[in-house]
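Encoded as structure tokens, the structure appears first; notes follow it.
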Amino acid sequence: MPTTATPGALSGIKVLDLSRVLAGPWATQMLADLGADVIKVERPIAGDDTRHWGPPFLKDDAGQATREASYFTACNRNKRSITVDMAHPEGQALLRQMAAEADVVVENFKVGGLQQYGLDYDSLKALNPRLIYCSITGFGQDGPYAERAGYDLMVQAMCGLMSITGHADEAPGGGPLKVGVAVIDVFTGLYASNAILAALNARDNARHGTGQGQYIDMALLDVGMAVLANQAAGFLATGQAPGRAGNIHPSLAPYQDFPSRDGNVLLAIGNDGQFARFCEACGHPDWAQDARFATNTARVQHRAELLERLLPVMRTRTTAEWIALLEDKAVPCGPINTVAQAFDDPQVRHRGIARTLGDGIAQVATVANPMRLSATPVSYRRAPPSLGQHTQEVLHELGLSEERIRALHAARAI
């Protein structure tokens, strides 16, 4: 298994992960990759919901499908799994004991859902004032929707993302579309891990650290609104809601896909210099001198006339020929790959994006963390764990005897 001897940036940080599905586990996997010791708490027998979200399922050494869904492996690398029944009084006591020694707790239960177990922020803060406690919900801890359950698809629709994704209603295949990945969950995980890192710095900074933890309120809807980025900025500036335009960029041209002689090719021209070099390369330098196309603003305003000229030209070469023609001219151009083609891309292979880890569920292929830190690199210490794989190990570290652990098993608290 690939490892690193260099301590991670978060070595020594203990994280109690009470979250499940994607947003919370994505945040805690980020912390784990950076070296934190993340203890994933799962329900006995059932475990995290995503262990069962298949197909596809992982295969055993004989090539047969197991009961472990590949979904779970996407966001649970580098963690240790324990099973605890938090509805059981002794299970609650165990988790409170662990929280008293933790730096971070992450949970994504409904608003107020952990209060009945004594695992809410106020209860745990009384035990551990240094604790950083991150709650992830659909709509936040307050407001008219606070009690609602929130899911990625629902929030993609509510925040307006689906209204700007897909082809226009009048175009073939038109209508709102969700993004092909649960991007609101993933972005929420990234924002949550950033907030946790900020809180750790506020607590521990050598010059002005407070020594105190704090509460973090993360909401999928808040994140969905935030990641609208330039589309939100455009609406706030004009009061006009953007619509769907397929793969066309609303503020750049040409910045979209085109049919090539053997498929499709992406052209992503972001400035006037790139456009001029493209025109020269494709044999139409006059386009860059035409007042309708000389500047990006003009090209956006005259997009229809520009596309009328571009479409037949783009069909004259194969995708590979366009890439070869433009590659040394600093004109962004590329293929539209399938996921399989992307993993087979020479640059992706060179960067070691696909990694194989063992000793958890099985030999598991995983996608490398994209952060490349020179002094404190991310590490790949553990495969996604099997359910409860580390229960005994973690409870021993907590000071429990074998007799006590057997009693907890007998009581079905773990």
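The values are calculated or read from the model by the stated rules, or taken from the named source; none is laboratory data. Here the structure is a predicted model, which means the values were calculated and not measured. So basically every Cβ, Gly included, is an ideal-geometry build from the backbone, and we count neighbours across all protein chains shown. Surface accessibility is based on the protein's heavy atoms, side chains included, excluding ligands, DNA and RNA. Shrake-Rupley method; radii C 1.70, N 1.55, O 1.52, S 1.80 Å.
In the range 279-299, how many residues are part of a helix (DSSP H, G or I) and either at positive phi or open to solvent by less than 40 Å² (accessible area, probe 1.4 Å) (or both)?
Number satisfying all stated conditions: 7.
With respect to Pro370, determine if the residue is under 30 Å from the mean Cα position of the chain (by Cα), open to solvent by 70 Å² or more (accessible area, probe 1.4 Å) and more than 17 Å from Val38 (Cβ to Cβ).
yes
Taking the criterion of being buried (at least 17 other Cβ atoms within 10 Å of the Cβ) and either assigned to a loop (DSSP other than H, G, I, E, B) or touching a residue at least 40 places away in the same chain (Cβ under 8 Å) (or both), would at least one residue in the range 343-356 satisfy it?
no
Of the residues that sit in the range 307-332 and are among the polar types (S, T, N, Q) and surrounded by fewer than 17 Cβ atoms within 10 Å (Cβ to Cβ), which one is nearest to Glu280 (Cα to Cα)?
If we take residues in the range 307-332 being among the polar types (S, T, N, Q) and surrounded by fewer than 17 Cβ atoms within 10 Å (Cβ to Cβ), then Thr316 is nearest to Glu280 (Cα to Cα).
I need every pair where a residue in the range 123-135 that is open to solvent by less than 10 Å² (accessible area, probe 1.4 Å) has its Cβ under 6 Å from the Cβ of a residue that is aromatic (Phe, Trp, Tyr) and part of a strand (DSSP E or B), sequence separation at least 6 or different chains.
Tyr133/Tyr215
Among the numbered criteria (1) out of contact with any helix residue (DSSP H, G or I) (no Cβ under 8 Å at 6 or more places or on another chain); (2) open to solvent by less than 70 Å² (accessible area, probe 1.4 Å); (3) in a helix (DSSP H, G or I), which one does Leu153 miss?
(2)
Taking the condition touching a residue at least 12 places away in the same chain (Cβ under 8 Å), under 29 Å from the mean Cα position of the chain (by Cα), surrounded by 14 or more Cβ atoms within 10 Å (Cβ to Cβ) and farther than 23 Å from Thr318 by Cα, does Leu266 pass?
The answer is no for Leu266.
Could you pull out every one of the strands (runs of 3 or more DSSP E) wholly within the range 1-94 that has 2 or more residues that are open to solvent by 30 Å² or more (accessible area, probe 1.4 Å)?
57-59, 65-69
Suppose we filter the range 95-110 for residues that are more than 24 Å from Ala411 (Cα to Cα), in contact with a Gly (Cβ under 9 Å, 6 or more places away or on another chain) and either open to solvent by less than 30 Å² (accessible area, probe 1.4 Å) or in a helix (DSSP H, G or I) (or both); how many remain?
Result for the range 95-110: 4.
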